[in-house]
Amino acid sequence: MIKSFEEKKARLLEKLDKAHKGYYEAATFGGPSLYFHSRALEAARSQDRDRFTEMSYAMLASWGMHHMGPKGSKMRDFKEFRSSIEKVWSQAMSLQEKTPSNLGTKDWNKLKEIFYGIDCMKSGTKLVGNSKIMAHLIPKLIPPVDRHYTLRFLFGNTQITNGDNEWKMLEQMLKDFFYPFVEDPSFAAKVEKWSKQKKLDYKWDTSQLKIVDNLIIGFSKI
């Protein structure tokens, strides 16, 4: 693990409860964002490719990945997106029950192929949009990544160099931050505690890696 990621991991582990509370107190996310997030996850779990394609496409739009007008990010037409999901579907389904602790070389190669196979954004940048799709397709292995929270927290900037560097960037985040984080005993204990607090509705705690994403956002809020 590179030193800067070790420091970020330690800082976040020190603030688990505060960051988790900060995320839910911010009340920034809800409505269609939560609805299509949940529906996309359900479709992937049930291995319903057509429904997943529709729900994840709607999820991306509700998460702000498509802007009307001449400026801002733009998603591909649905037919193009659907075609790319069809191409990676069988590989993704073969990874659904994998966890960070039992990934082999062939699994990592599959992840890379899925990452570059998904085609959801019109721009040349794949990291943000594709990670969000993969976070719903194989949530045990991939967190959603964005510039404002994830990249700023881990790298101190929002820069993405297009091309092969995008996969290398995601792979580095997984191996050196996200996977070590979810394997930390103190994180596991908090996840168990939060899951038992039934009087509180932690609707966005939908996977361990999504919880880490929530914590990063909450940390930035506090």
Output the qualifying pairs, or none if there are none: Cβ atoms under 8 angstrom, residues six or more apart or on different chains, first residue in region 92-118 and over 21 Å from residue 182 (Cβ atoms), second residue among the aromatic types (Phe, Trp, Tyr).
116/167
Condition first: in contact with a strand residue (DSSP E or B) (Cβ under 9 Å, 6 or more places away or on another chain) and of a type outside the set (Asp, Glu). Can you find one or more residues in region 148-169 that meet it?
no
Take the residues of region 132-147 that are in a helix (DSSP H, G or I) and touching a residue at least 60 places away in the same chain (Cβ under 8 Å): which is farthest from residue 92 (Cα to Cα)?
132
Cβ-Cβ below 9 Å, separation at least six or inter-chain, first residue in region 171-199 and within 13 Å of residue 20 (Cβ to Cβ), second at pLDDT below 95 and among the hydrophobic types (A, V, I, L, M, F, W, C): which pairs?
194/200
Residue by residue through region 173-185, note down the ones that are in contact with a helix residue (DSSP H, G or I) (Cβ under 8 Å, 6 or more places away or on another chain) and open to solvent by 10 Å² or more (accessible area, probe 1.4 Å).
176, 179, 180, 182, 183, 184
Close pairs from region 12-35: first closer than 17 Å to residue 149 by Cα and at pLDDT 90 or above, partner open to solvent by less than 20 Å² (accessible area, probe 1.4 Å) and outside any helix (DSSP H, G or I), Cβ under 9 Å, at least 6 apart
23/204; 24/204
Given 105, 161, which one is open to solvent by 60 Å² or more (accessible area, probe 1.4 Å), among the hydroxyl-bearing types (Ser, Thr, Tyr) and over 29 Å from residue 61 (Cα atoms)?
105
What are the pairs, 6+ residues apart or on separate chains, where a residue within region 52-64 that is closer than 14 Å to residue 144 by Cβ has its Cβ under 6 Å from a residue that is open to solvent by 40 Å² or more (accessible area, probe 1.4 Å)?
59/36; 62/32; 62/36
Report yes if some residue within region 62-85 is of a type outside the set (A, V, I, L, M, F, W, C), under 16 Å from the mean Cα position of the chain (by Cα) and closer than 20 Å to residue 175 by Cβ; otherwise report no.
no
May I ask you to say which residue of 45, 51, 39 is modelled with pLDDT of 95 or more, within 18 Å of the chain's Cα centre (by Cα) and surrounded by fewer than 16 Cβ atoms within 10 Å (Cβ to Cβ)?
45
Working carefully through the options 193, 198, find the one that is outside any helix (DSSP H, G or I), surrounded by fewer than 20 Cβ atoms within 10 Å (Cβ to Cβ), modelled with pLDDT under 95 and at negative phi.
198
Return the residue satisfying two criteria in turn: it lies in region 119-131 and is touching a Phe, Trp or Tyr at 6+ places or on another chain (Cβ under 9 Å) and without any contact (Cβ under 8 Å) to a residue 40 or more places away in the chain, and of such residues it is nearest to residue 179 (Cα to Cα).
131
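The values are calculated or read from the model by the stated rules, or taken from the named source; none is laboratory data. None of these values were measured; they are calculated from a predicted model. Virtual Cβ from ideal backbone geometry, glycine too; neighbours counted across all protein chains shown. Just the protein is used for accessible areas: all its heavy atoms, side chains included, with ligands, DNA and RNA removed. Shrake-Rupley method; radii C 1.70, N 1.55, O 1.52, S 1.80 Å.
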